[in-house]
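The structure appears right after this line, and notes come after that.
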Amino acid sequence: MRTWGPLSAVSLGTFMLLLDVTIVIVALPDMAAALHASLSDLQWVIDGYALALAALLLGVGAAADVFGRRRLNVIGTALFAVASLGCGLASDADVLVAARAVQGLGAAAMLATTLPLLGAAYQGRDRTAALGVWGAVSGASAALGPIVGGLLTEGPGWRWIFFVNLPVSVASIWLTLRLVPESRGPAGRRVDWAGTAAFACFAGAGTYGVLRGGADGWTSAAAGTWFAVSALALLGFVLAERRVAQPLLDLRLLRKPAFTGVLIGAVGYNGAAFGVVPYLSIWLQTVLGMSPVRGSLVLLPLAGTSFVVALVAGRLLHGVAPRLVIGVGLLLIGAGGLCMAVLDAGSSWGMLAPGLALTGVGSGLVAPGLAGAALASVPPANAGMAGGAVNTFRQLGYAIGVALFGTVLTARMQDSLGHDVAHTVAGGGAAALHGTVPEHAVRAAFAHGLNGASLAAGAAALVAGVLVLVMVRAPGKRTSAEPTGRVSGAGASAPGRTAGTPGARPHVEEATR
(Lines give C-alpha, C1' and ligand atoms only; values in the text may rest on other atoms or scores of the structure.)
Protein backbone atom coordinates (compact mmCIF):
# COMPACT_ATOMS: atom_id res chain seq x y z
CA MET A 1 0.00 0.00 0.00
CA ARG A 2 1.11 3.57 -0.63
CA THR A 3 0.42 4.69 2.94
CA TRP A 4 -0.20 2.82 6.16
CA GLY A 5 -1.30 5.86 8.18
CA PRO A 6 -5.11 5.56 8.09
CA LEU A 7 -4.95 1.78 8.50
CA SER A 8 -2.67 2.09 11.54
CA ALA A 9 -4.94 4.66 13.19
CA VAL A 10 -8.14 2.70 12.63
CA SER A 11 -6.60 -0.66 13.52
CA LEU A 12 -5.19 0.66 16.81
CA GLY A 13 -8.63 1.73 18.00
CA THR A 14 -10.22 -1.49 16.79
CA PHE A 15 -7.64 -3.61 18.59
CA MET A 16 -8.27 -1.75 21.84
CA LEU A 17 -12.06 -1.92 21.79
CA LEU A 18 -12.21 -5.61 20.82
CA LEU A 19 -9.52 -6.46 23.38
CA ASP A 20 -11.81 -5.07 26.07
CA VAL A 21 -14.51 -7.60 25.18
CA THR A 22 -12.38 -10.45 26.54
CA ILE A 23 -9.66 -8.81 28.64
CA VAL A 24 -11.87 -8.70 31.76
CA ILE A 25 -12.52 -12.46 31.81
CA VAL A 26 -9.36 -13.46 33.67
CA ALA A 27 -9.69 -10.52 36.08
CA LEU A 28 -13.19 -11.41 37.32
CA PRO A 29 -12.11 -13.19 40.55
CA ASP A 30 -9.86 -10.28 41.55
CA MET A 31 -12.63 -7.80 40.77
CA ALA A 32 -15.07 -9.79 42.89
CA ALA A 33 -12.68 -9.79 45.85
CA ALA A 34 -11.76 -6.10 45.60
CA LEU A 35 -15.28 -4.77 45.05
CA HIS A 36 -17.25 -7.41 47.00
CA ALA A 37 -19.09 -8.10 43.76
CA SER A 38 -21.80 -10.73 43.35
CA LEU A 39 -22.19 -13.13 40.44
CA SER A 40 -24.79 -10.81 38.92
CA ASP A 41 -22.34 -7.90 39.18
CA LEU A 42 -19.65 -9.90 37.36
CA GLN A 43 -22.10 -10.86 34.63
CA TRP A 44 -22.96 -7.20 34.11
CA VAL A 45 -19.29 -6.21 33.99
CA ILE A 46 -19.19 -8.30 30.81
CA ASP A 47 -22.71 -7.76 29.54
CA GLY A 48 -22.83 -4.01 30.18
CA TYR A 49 -20.08 -3.51 27.61
CA ALA A 50 -21.33 -6.08 25.10
CA LEU A 51 -24.95 -4.92 25.28
CA ALA A 52 -24.12 -1.24 24.83
CA LEU A 53 -21.92 -2.14 21.88
CA ALA A 54 -24.61 -4.34 20.31
CA ALA A 55 -27.61 -2.15 21.02
CA LEU A 56 -26.12 1.10 19.76
CA LEU A 57 -23.93 -0.07 16.87
CA LEU A 58 -26.47 0.39 14.08
CA GLY A 59 -27.76 3.70 15.41
CA VAL A 60 -24.33 5.21 15.93
CA GLY A 61 -23.31 4.03 12.47
CA ALA A 62 -26.24 5.94 10.99
CA ALA A 63 -25.34 9.02 13.03
CA ALA A 64 -21.78 8.82 11.71
CA ASP A 65 -23.11 9.00 8.16
CA VAL A 66 -24.77 12.31 9.05
CA PHE A 67 -22.30 13.99 11.39
CA GLY A 68 -19.03 12.66 10.01
CA ARG A 69 -17.36 9.30 10.53
CA ARG A 70 -13.97 10.56 11.66
CA ARG A 71 -15.62 12.98 14.08
CA LEU A 72 -17.76 10.21 15.65
CA ASN A 73 -14.75 7.89 15.79
CA VAL A 74 -12.71 10.46 17.71
CA ILE A 75 -15.60 11.29 20.04
CA GLY A 76 -16.15 7.58 20.64
CA THR A 77 -12.47 7.02 21.41
CA ALA A 78 -12.42 9.93 23.85
CA LEU A 79 -15.56 8.62 25.56
CA PHE A 80 -13.99 5.14 25.70
CA ALA A 81 -10.89 6.59 27.39
CA VAL A 82 -12.89 8.53 29.99
CA ALA A 83 -15.00 5.46 30.74
CA SER A 84 -11.84 3.34 31.03
CA LEU A 85 -10.55 5.75 33.66
CA GLY A 86 -13.87 5.42 35.48
CA CYS A 87 -13.59 1.63 35.36
CA GLY A 88 -10.08 1.70 36.79
CA LEU A 89 -11.08 4.04 39.61
CA ALA A 90 -14.36 2.28 40.43
CA SER A 91 -14.97 1.99 44.16
CA ASP A 92 -17.81 -0.50 43.90
CA ALA A 93 -19.43 -2.87 41.44
CA ASP A 94 -22.24 -0.48 40.45
CA VAL A 95 -19.78 2.20 39.35
CA LEU A 96 -17.76 -0.37 37.40
CA VAL A 97 -20.84 -1.69 35.58
CA ALA A 98 -22.01 1.83 34.70
CA ALA A 99 -18.56 2.77 33.40
CA ARG A 100 -18.43 -0.42 31.33
CA ALA A 101 -21.73 0.53 29.68
CA VAL A 102 -20.30 3.95 28.77
CA GLN A 103 -17.24 2.16 27.43
CA GLY A 104 -19.56 0.15 25.20
CA LEU A 105 -21.14 3.33 23.84
CA GLY A 106 -17.72 4.68 22.91
CA ALA A 107 -16.76 1.33 21.39
CA ALA A 108 -19.92 1.34 19.26
CA ALA A 109 -18.94 4.72 17.78
CA MET A 110 -15.44 3.42 17.08
CA LEU A 111 -16.44 0.09 15.56
CA ALA A 112 -19.29 1.48 13.47
CA THR A 113 -16.95 3.85 11.65
CA THR A 114 -13.93 1.64 10.98
CA LEU A 115 -14.70 0.16 7.57
CA PRO A 116 -16.25 3.33 6.11
CA LEU A 117 -13.12 5.25 7.13
CA LEU A 118 -10.90 2.63 5.51
CA GLY A 119 -13.12 2.63 2.44
CA ALA A 120 -12.74 6.37 2.08
CA ALA A 121 -8.97 6.24 2.55
CA TYR A 122 -8.13 3.31 0.22
CA GLN A 123 -9.19 2.16 -3.22
CA GLY A 124 -8.74 -0.97 -5.33
CA ARG A 125 -6.03 -3.36 -4.22
CA ASP A 126 -5.00 -1.08 -1.37
CA ARG A 127 -8.52 -1.34 0.02
CA THR A 128 -8.47 -5.12 -0.20
CA ALA A 129 -5.11 -5.26 1.58
CA ALA A 130 -6.29 -2.84 4.27
CA LEU A 131 -9.42 -4.90 4.96
CA GLY A 132 -7.30 -8.03 5.29
CA VAL A 133 -4.92 -6.41 7.79
CA TRP A 134 -7.85 -4.97 9.74
CA GLY A 135 -9.44 -8.42 9.93
CA ALA A 136 -6.22 -9.99 11.20
CA VAL A 137 -5.94 -7.30 13.88
CA SER A 138 -9.52 -8.03 14.94
CA GLY A 139 -8.72 -11.72 15.31
CA ALA A 140 -5.52 -11.02 17.23
CA SER A 141 -7.37 -8.89 19.77
CA ALA A 142 -9.67 -11.77 20.72
CA ALA A 143 -6.73 -14.16 21.00
CA LEU A 144 -4.61 -11.83 23.12
CA GLY A 145 -7.37 -10.49 25.39
CA PRO A 146 -7.23 -13.15 28.14
CA ILE A 147 -3.43 -13.27 28.08
CA VAL A 148 -3.03 -9.50 28.37
CA GLY A 149 -5.68 -9.49 31.08
CA GLY A 150 -3.84 -12.22 33.01
CA LEU A 151 -0.49 -10.42 32.82
CA LEU A 152 -1.91 -7.09 33.95
CA THR A 153 -4.05 -8.62 36.70
CA GLU A 154 -1.17 -10.63 38.16
CA GLY A 155 1.26 -7.73 37.72
CA PRO A 156 0.13 -4.18 38.54
CA GLY A 157 -3.46 -5.28 39.28
CA TRP A 158 -6.83 -5.65 37.58
CA ARG A 159 -7.44 -1.89 37.41
CA TRP A 160 -4.63 -1.64 34.87
CA ILE A 161 -6.60 -3.57 32.28
CA PHE A 162 -8.53 -0.28 32.02
CA PHE A 163 -5.76 2.23 32.70
CA VAL A 164 -3.73 0.83 29.81
CA ASN A 165 -6.44 2.12 27.45
CA LEU A 166 -5.61 5.74 28.24
CA PRO A 167 -2.29 6.11 26.36
CA VAL A 168 -3.58 3.89 23.55
CA SER A 169 -6.66 6.12 23.20
CA VAL A 170 -4.54 9.27 23.06
CA ALA A 171 -2.36 7.74 20.34
CA SER A 172 -5.41 6.58 18.39
CA ILE A 173 -7.04 10.02 18.49
CA TRP A 174 -3.84 11.77 17.45
CA LEU A 175 -3.25 9.41 14.55
CA THR A 176 -6.88 9.60 13.42
CA LEU A 177 -6.98 13.39 13.38
CA ARG A 178 -3.61 13.55 11.63
CA LEU A 179 -3.90 10.76 9.07
CA VAL A 180 -7.55 9.79 8.46
CA PRO A 181 -9.69 11.89 6.09
CA GLU A 182 -13.23 12.83 7.07
CA SER A 183 -16.10 11.14 5.23
CA ARG A 184 -19.88 11.12 5.37
CA GLY A 185 -22.77 9.19 3.90
CA PRO A 186 -24.94 10.54 1.08
CA ALA A 187 -26.71 13.82 1.78
CA GLY A 188 -30.22 13.69 3.21
CA ARG A 189 -29.64 10.83 5.66
CA ARG A 190 -31.55 10.84 8.94
CA VAL A 191 -30.87 8.92 12.13
CA ASP A 192 -33.52 6.47 13.29
CA TRP A 193 -33.41 7.47 16.96
CA ALA A 194 -36.70 5.75 17.79
CA GLY A 195 -35.46 2.44 16.39
CA THR A 196 -32.14 2.82 18.21
CA ALA A 197 -33.85 3.42 21.56
CA ALA A 198 -36.34 0.58 21.07
CA PHE A 199 -33.65 -1.94 20.14
CA ALA A 200 -31.49 -0.92 23.10
CA CYS A 201 -34.45 -1.38 25.45
CA PHE A 202 -35.29 -4.76 23.90
CA ALA A 203 -31.75 -6.08 24.28
CA GLY A 204 -31.17 -4.72 27.78
CA ALA A 205 -34.51 -5.76 29.25
CA GLY A 206 -34.33 -9.22 27.71
CA THR A 207 -30.85 -9.90 29.09
CA TYR A 208 -31.79 -8.57 32.51
CA GLY A 209 -34.85 -10.82 32.44
CA VAL A 210 -32.58 -13.83 31.90
CA LEU A 211 -30.47 -12.81 34.88
CA ARG A 212 -33.53 -12.29 37.09
CA GLY A 213 -34.91 -15.64 35.96
CA GLY A 214 -31.73 -17.34 37.10
CA ALA A 215 -31.71 -15.55 40.45
CA ASP A 216 -35.44 -15.46 41.32
CA GLY A 217 -36.92 -18.23 39.17
CA TRP A 218 -38.25 -18.16 35.61
CA THR A 219 -41.84 -17.75 36.82
CA SER A 220 -41.03 -14.90 39.22
CA ALA A 221 -42.72 -11.52 38.85
CA ALA A 222 -39.38 -9.77 38.31
CA ALA A 223 -38.36 -12.00 35.40
CA GLY A 224 -41.82 -11.84 33.84
CA THR A 225 -41.89 -8.05 34.06
CA TRP A 226 -38.56 -7.62 32.32
CA PHE A 227 -39.46 -10.11 29.61
CA ALA A 228 -42.71 -8.19 29.04
CA VAL A 229 -40.78 -4.92 28.75
CA SER A 230 -38.42 -6.57 26.27
CA ALA A 231 -41.34 -7.87 24.19
CA LEU A 232 -42.99 -4.44 24.12
CA ALA A 233 -39.69 -2.83 23.10
CA LEU A 234 -39.30 -5.35 20.29
CA LEU A 235 -42.82 -4.52 19.09
CA GLY A 236 -41.90 -0.84 19.22
CA PHE A 237 -38.76 -1.52 17.19
CA VAL A 238 -40.73 -3.38 14.52
CA LEU A 239 -43.28 -0.56 14.27
CA ALA A 240 -40.55 2.06 14.10
CA GLU A 241 -38.67 0.24 11.35
CA ARG A 242 -41.82 -0.22 9.30
CA ARG A 243 -42.62 3.48 9.36
CA VAL A 244 -39.25 5.18 9.02
CA ALA A 245 -37.89 5.97 5.55
CA GLN A 246 -34.33 4.95 6.41
CA PRO A 247 -34.51 2.11 8.96
CA LEU A 248 -31.64 0.69 10.95
CA LEU A 249 -32.66 -2.74 9.72
CA ASP A 250 -34.94 -3.24 6.74
CA LEU A 251 -37.27 -5.90 8.12
CA ARG A 252 -37.92 -7.21 4.62
CA LEU A 253 -34.41 -8.65 4.69
CA LEU A 254 -35.56 -11.07 7.39
CA ARG A 255 -37.81 -12.71 4.81
CA LYS A 256 -34.64 -14.02 3.20
CA PRO A 257 -33.87 -17.39 4.83
CA ALA A 258 -30.16 -17.01 4.04
CA PHE A 259 -29.86 -13.67 5.82
CA THR A 260 -31.91 -14.81 8.81
CA GLY A 261 -29.83 -17.98 8.98
CA VAL A 262 -26.61 -15.96 9.13
CA LEU A 263 -27.99 -13.85 11.99
CA ILE A 264 -28.91 -17.04 13.86
CA GLY A 265 -25.38 -18.26 13.25
CA ALA A 266 -23.96 -14.99 14.58
CA VAL A 267 -25.95 -15.23 17.83
CA GLY A 268 -25.13 -18.92 18.26
CA TYR A 269 -21.45 -18.45 17.49
CA ASN A 270 -20.57 -15.76 20.00
CA GLY A 271 -22.92 -17.09 22.65
CA ALA A 272 -21.89 -20.75 22.47
CA ALA A 273 -18.16 -20.26 21.85
CA PHE A 274 -17.51 -17.63 24.51
CA GLY A 275 -20.49 -17.46 26.87
CA VAL A 276 -19.11 -20.14 29.23
CA VAL A 277 -15.51 -18.89 29.21
CA PRO A 278 -15.93 -16.39 32.11
CA TYR A 279 -17.11 -19.22 34.38
CA LEU A 280 -14.25 -21.44 33.28
CA SER A 281 -11.87 -18.66 34.31
CA ILE A 282 -13.51 -18.37 37.74
CA TRP A 283 -13.29 -22.16 38.19
CA LEU A 284 -9.62 -22.23 37.23
CA GLN A 285 -8.63 -19.49 39.65
CA THR A 286 -10.94 -19.86 42.65
CA VAL A 287 -11.42 -23.65 42.70
CA LEU A 288 -8.19 -24.95 41.17
CA GLY A 289 -6.14 -22.12 42.66
CA MET A 290 -4.40 -20.97 39.47
CA SER A 291 -2.89 -17.53 39.06
CA PRO A 292 -4.42 -15.14 36.50
CA VAL A 293 -1.57 -15.79 34.06
CA ARG A 294 -1.80 -19.57 34.34
CA GLY A 295 -5.57 -19.36 34.04
CA SER A 296 -5.27 -17.31 30.85
CA LEU A 297 -2.79 -19.80 29.35
CA VAL A 298 -5.30 -22.61 29.85
CA LEU A 299 -7.56 -20.76 27.41
CA LEU A 300 -4.87 -20.66 24.71
CA PRO A 301 -6.21 -23.74 22.86
CA LEU A 302 -9.36 -21.73 22.16
CA ALA A 303 -7.75 -18.43 21.22
CA GLY A 304 -4.72 -19.87 19.44
CA THR A 305 -6.48 -22.40 17.23
CA SER A 306 -9.15 -19.83 16.36
CA PHE A 307 -6.55 -17.32 15.21
CA VAL A 308 -4.50 -19.83 13.20
CA VAL A 309 -7.50 -21.45 11.52
CA ALA A 310 -8.96 -18.06 10.62
CA LEU A 311 -5.69 -17.08 8.93
CA VAL A 312 -5.42 -20.21 6.78
CA ALA A 313 -9.08 -21.01 6.15
CA GLY A 314 -9.48 -18.35 3.50
CA ARG A 315 -6.84 -19.87 1.23
CA LEU A 316 -7.70 -23.50 1.82
CA LEU A 317 -11.48 -23.09 1.63
CA HIS A 318 -11.71 -20.53 -1.16
CA GLY A 319 -14.80 -21.30 -3.23
CA VAL A 320 -16.44 -23.54 -0.61
CA ALA A 321 -20.09 -22.63 0.04
CA PRO A 322 -20.40 -20.26 3.04
CA ARG A 323 -23.16 -22.37 4.61
CA LEU A 324 -20.79 -25.34 4.78
CA VAL A 325 -17.93 -23.37 6.33
CA ILE A 326 -20.15 -21.63 8.89
CA GLY A 327 -22.41 -24.61 9.53
CA VAL A 328 -19.56 -27.07 10.05
CA GLY A 329 -17.76 -24.51 12.21
CA LEU A 330 -20.80 -24.22 14.47
CA LEU A 331 -21.08 -28.01 14.69
CA LEU A 332 -17.43 -28.15 15.79
CA ILE A 333 -18.14 -25.48 18.42
CA GLY A 334 -21.06 -27.62 19.59
CA ALA A 335 -18.83 -30.68 19.76
CA GLY A 336 -16.30 -28.66 21.75
CA GLY A 337 -18.93 -27.69 24.29
CA LEU A 338 -20.01 -31.32 24.71
CA CYS A 339 -16.36 -32.39 25.15
CA MET A 340 -15.93 -29.95 28.03
CA ALA A 341 -18.94 -31.34 29.91
CA VAL A 342 -16.87 -34.11 31.54
CA LEU A 343 -15.68 -32.48 34.76
CA ASP A 344 -15.92 -33.87 38.27
CA ALA A 345 -14.56 -32.99 41.70
CA GLY A 346 -11.09 -34.30 40.85
CA SER A 347 -10.75 -32.80 37.36
CA SER A 348 -7.78 -30.66 36.38
CA TRP A 349 -7.47 -27.99 33.71
CA GLY A 350 -6.26 -30.55 31.17
CA MET A 351 -9.80 -31.90 30.83
CA LEU A 352 -10.76 -28.68 29.08
CA ALA A 353 -8.06 -28.70 26.41
CA PRO A 354 -9.72 -30.95 23.77
CA GLY A 355 -13.02 -29.11 23.97
CA LEU A 356 -11.37 -25.70 23.87
CA ALA A 357 -9.31 -26.71 20.83
CA LEU A 358 -12.41 -27.98 18.98
CA THR A 359 -14.24 -24.76 19.82
CA GLY A 360 -11.26 -22.77 18.56
CA VAL A 361 -11.18 -24.61 15.24
CA GLY A 362 -14.90 -24.00 14.79
CA SER A 363 -14.53 -20.34 15.69
CA GLY A 364 -11.74 -19.94 13.17
CA LEU A 365 -14.07 -21.22 10.47
CA VAL A 366 -17.14 -19.21 11.48
CA ALA A 367 -15.73 -15.77 12.29
CA PRO A 368 -14.23 -14.79 8.90
CA GLY A 369 -17.21 -16.01 6.90
CA LEU A 370 -20.21 -14.66 8.81
CA ALA A 371 -20.17 -11.10 7.51
CA GLY A 372 -19.34 -12.17 3.96
CA ALA A 373 -22.22 -14.66 3.95
CA ALA A 374 -24.60 -11.97 5.18
CA LEU A 375 -23.43 -9.52 2.51
CA ALA A 376 -23.77 -12.16 -0.20
CA SER A 377 -27.38 -12.85 0.85
CA VAL A 378 -28.66 -9.28 0.36
CA PRO A 379 -28.65 -6.72 -2.46
CA PRO A 380 -25.46 -4.63 -2.69
CA ALA A 381 -27.30 -1.52 -1.49
CA ASN A 382 -28.00 -3.29 1.81
CA ALA A 383 -24.39 -4.37 2.36
CA GLY A 384 -23.67 -1.84 5.11
CA MET A 385 -26.88 -2.68 6.92
CA ALA A 386 -26.16 -6.42 6.71
CA GLY A 387 -22.61 -6.04 7.99
CA GLY A 388 -23.77 -3.95 10.93
CA ALA A 389 -26.53 -6.43 11.75
CA VAL A 390 -24.07 -9.33 11.89
CA ASN A 391 -21.81 -7.65 14.42
CA THR A 392 -24.81 -6.45 16.42
CA PHE A 393 -26.18 -9.97 16.71
CA ARG A 394 -22.74 -11.37 17.52
CA GLN A 395 -22.36 -9.09 20.53
CA LEU A 396 -25.98 -9.68 21.52
CA GLY A 397 -25.37 -13.42 21.40
CA TYR A 398 -22.34 -13.04 23.68
CA ALA A 399 -24.30 -11.00 26.22
CA ILE A 400 -27.22 -13.42 26.25
CA GLY A 401 -24.86 -16.41 26.42
CA VAL A 402 -23.06 -15.05 29.50
CA ALA A 403 -26.41 -14.45 31.22
CA LEU A 404 -28.07 -17.70 30.18
CA PHE A 405 -25.21 -20.09 30.86
CA GLY A 406 -24.61 -18.39 34.19
CA THR A 407 -28.17 -19.23 35.20
CA VAL A 408 -27.65 -22.85 34.12
CA LEU A 409 -24.43 -23.00 36.14
CA THR A 410 -25.96 -21.71 39.35
CA ALA A 411 -29.17 -23.71 38.96
CA ARG A 412 -27.20 -26.97 38.90
CA MET A 413 -24.96 -25.88 41.75
CA GLN A 414 -27.98 -25.05 43.91
CA ASP A 415 -28.99 -28.71 43.96
CA SER A 416 -26.13 -29.51 46.33
CA LEU A 417 -25.03 -26.17 47.81
CA GLY A 418 -28.21 -24.15 48.12
CA HIS A 419 -29.07 -20.83 46.50
CA ASP A 420 -26.84 -18.38 48.41
CA VAL A 421 -23.76 -20.59 48.57
CA ALA A 422 -24.05 -21.48 44.88
CA HIS A 423 -24.12 -17.82 43.85
CA THR A 424 -21.19 -17.04 46.14
CA VAL A 425 -19.06 -19.83 44.66
CA ALA A 426 -20.01 -19.02 41.05
CA GLY A 427 -19.13 -15.38 41.69
CA GLY A 428 -15.59 -16.25 42.71
CA GLY A 429 -16.15 -16.35 46.46
CA ALA A 430 -15.19 -19.96 47.13
CA ALA A 431 -12.28 -18.92 49.39
CA ALA A 432 -14.66 -17.09 51.73
CA LEU A 433 -16.47 -20.38 52.42
CA HIS A 434 -13.33 -22.20 53.57
CA GLY A 435 -14.14 -24.15 56.69
CA THR A 436 -17.90 -23.79 56.34
CA VAL A 437 -18.48 -25.86 53.20
CA PRO A 438 -16.36 -28.95 52.43
CA GLU A 439 -13.90 -28.30 49.60
CA HIS A 440 -14.90 -31.53 47.86
CA ALA A 441 -18.54 -30.39 47.83
CA VAL A 442 -17.59 -27.06 46.29
CA ARG A 443 -15.43 -28.70 43.62
CA ALA A 444 -18.12 -31.26 42.78
CA ALA A 445 -20.89 -28.66 42.60
CA PHE A 446 -18.90 -26.26 40.42
CA ALA A 447 -17.93 -29.09 38.06
CA HIS A 448 -21.58 -30.16 37.87
CA GLY A 449 -22.62 -26.59 37.07
CA LEU A 450 -19.96 -26.14 34.42
CA ASN A 451 -21.01 -29.40 32.79
CA GLY A 452 -24.55 -28.11 32.52
CA ALA A 453 -23.44 -24.78 31.08
CA SER A 454 -21.15 -26.49 28.56
CA LEU A 455 -23.92 -28.88 27.51
CA ALA A 456 -26.29 -25.96 26.99
CA ALA A 457 -23.68 -24.08 24.96
CA GLY A 458 -22.91 -27.14 22.88
CA ALA A 459 -26.58 -27.76 22.18
CA ALA A 460 -27.10 -24.12 21.16
CA ALA A 461 -24.19 -24.29 18.70
CA LEU A 462 -25.44 -27.57 17.21
CA VAL A 463 -28.92 -26.14 16.66
CA ALA A 464 -27.46 -22.98 15.11
CA GLY A 465 -25.21 -25.05 12.87
CA VAL A 466 -28.07 -27.16 11.56
CA LEU A 467 -30.20 -24.07 10.90
CA VAL A 468 -27.35 -22.43 8.97
CA LEU A 469 -26.87 -25.54 6.84
CA VAL A 470 -30.59 -25.61 6.07
CA MET A 471 -31.28 -21.90 5.61
CA VAL A 472 -28.15 -20.38 4.08
CA ARG A 473 -28.13 -21.14 0.40
CA ALA A 474 -26.38 -19.56 -2.56
CA PRO A 475 -28.26 -16.39 -3.59
CA GLY A 476 -30.20 -16.49 -6.79
CA LYS A 477 -30.66 -13.70 -9.30
CA ARG A 478 -31.89 -10.51 -7.71
CA THR A 479 -34.88 -8.70 -9.02
CA SER A 480 -35.86 -5.06 -8.85
CA ALA A 481 -38.53 -5.99 -6.32
CA GLU A 482 -35.96 -6.91 -3.71
CA PRO A 483 -35.56 -4.43 -0.84
CA THR A 484 -32.89 -1.81 -0.94
CA GLY A 485 -31.69 0.41 1.84
CA ARG A 486 -29.02 2.72 3.02
CA VAL A 487 -25.37 1.82 3.14
CA SER A 488 -24.45 3.19 6.53
CA GLY A 489 -21.44 3.39 8.75
CA ALA A 490 -22.81 0.40 10.59
CA GLY A 491 -21.27 -1.65 7.85
CA ALA A 492 -18.01 -1.08 9.63
CA SER A 493 -18.93 -3.85 11.97
CA ALA A 494 -18.45 -6.43 9.28
CA PRO A 495 -15.15 -8.24 9.78
CA GLY A 496 -12.69 -7.43 7.05
CA ARG A 497 -11.66 -11.02 6.37
CA THR A 498 -14.25 -12.46 4.06
CA ALA A 499 -12.08 -15.02 2.33
CA GLY A 500 -13.79 -18.27 1.61
CA THR A 501 -17.11 -16.52 0.97
CA PRO A 502 -17.79 -16.30 -2.76
CA GLY A 503 -18.99 -12.93 -3.91
CA ALA A 504 -18.40 -11.27 -0.56
CA ARG A 505 -15.59 -8.89 -1.44
CA PRO A 506 -17.51 -6.72 -3.92
CA HIS A 507 -20.18 -6.20 -1.28
CA VAL A 508 -17.65 -5.28 1.36
CA GLU A 509 -16.20 -2.68 -0.96
CA GLU A 510 -19.69 -1.38 -1.73
CA ALA A 511 -20.37 -1.06 1.98
CA THR A 512 -17.39 1.20 2.48
CA ARG A 513 -18.05 3.68 -0.31
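The values are calculated or read from the model by the stated rules, or taken from the named source; none is laboratory data. As the structure is a computational prediction, the values presented were derived from the model and not from experiment. Here Cβ is always computed from backbone atoms with ideal geometry, including for glycine, and neighbour counts include all displayed protein chains. Accessible surface is based on the protein model in full, side chains and every heavy atom, while ligands, DNA and RNA are left aside. Shrake-Rupley method; radii C 1.70, N 1.55, O 1.52, S 1.80 Å.
Rolling a 1.4 Å probe over the protein heavy atoms of the chain, with every protein chain left in place, gives an accessible area that is 67 percent carbon and sulfur. Working ranking of peptides 150-158, 331-339, 301-309, 214-222 by packing, defined as the average number of other Cβ atoms within 10 Å per residue, highest first, is 331-339, 301-309, 150-158, 214-222.
Taking 7 Å along the Cα-to-C-beta vector as the label spot, tell me the LEU232-PHE67 distance in nanometres, rounded to one decimal. Using points 7 Å along Cα→Cβ, the separation is 2.9 nm. The slack between SER348 and THR225, meaning 0.36 nm per residue of separation minus the straight C-alpha distance, is 40.2 nm.
Highest mean first, the peptides 406-413, 35-42, 286-293 sorted by other C-beta atoms within 10 Å per residue fall in the order 406-413, 35-42, 286-293. The mean sequence distance of close C-alpha pairs (under 8 Å, at least 6 residues apart), as a share of the length of the chain, puts its relative contact order at 25 percent. Once the chain from TRP4 to ALA171 is taken as fully extended at 0.36 nm per residue, the excess over their C-alpha distance is 58.6 nm. Fully extending the segment from ARG178 to TRP160 would add 3.7 nm, taking 0.36 nm per residue of separation and subtracting the current Cα-Cα distance. The Cα center of the range 240-317 and the Cα center of the range 27-67 differ in position by 15 Å. Heavy atoms of the protein chains alone define the surface here; on that basis the chain has 36 Å² accessible area per residue at 1.4 Å probe size. Relative to the longest principal axis of the Cα atoms of the chain, helix 165-179 runs at roughly 10 degrees. What the phi angles of the range 356-370 give under the Karplus curve with 6.51, -1.76 and 1.60, with θ = phi - 60°, is a coupling list of 5, 5, 4, 4, x, 4, x, 5, x, 7, 6, 4, x, x, 4 Hz, glycine and proline written as x.
Under 16 Å from a label point set 7 Å out along the Cα-to-Cβ vector of ASP216, the amide N atoms of the range 227-255 belong to 227-231. The calculated 222 nm mean residue ellipticity attributable to helices in the chain amounts to -25000 deg cm²/dmol, summing -39500 (n - 2.57) over DSSP H runs of n ≥ 4 and dividing by all residues.
Label ALA33 and ASP415 with points 7 Å out from Cα along Cα→Cβ: what is the distance between them in nm? That separation, rounded to one decimal, is 3.1 nm. On the basis of the beta-carbon distance and an R0 of 35 Å, GLN123 and ALA245 show a calculated FRET efficiency of 0.70. Given a Förster radius of 51 Å and the C-beta distance between LEU324 and VAL82 as r, what FRET efficiency does 1/(1 + (r/R0)^6) yield to the nearest 0.05? E between LEU324 and VAL82, to the nearest 0.05, is 0.70. Going by accessible surface with a 1.4 Å probe and the largest first, ARG100, ARG70, ARG243 read ARG243, ARG70, ARG100.
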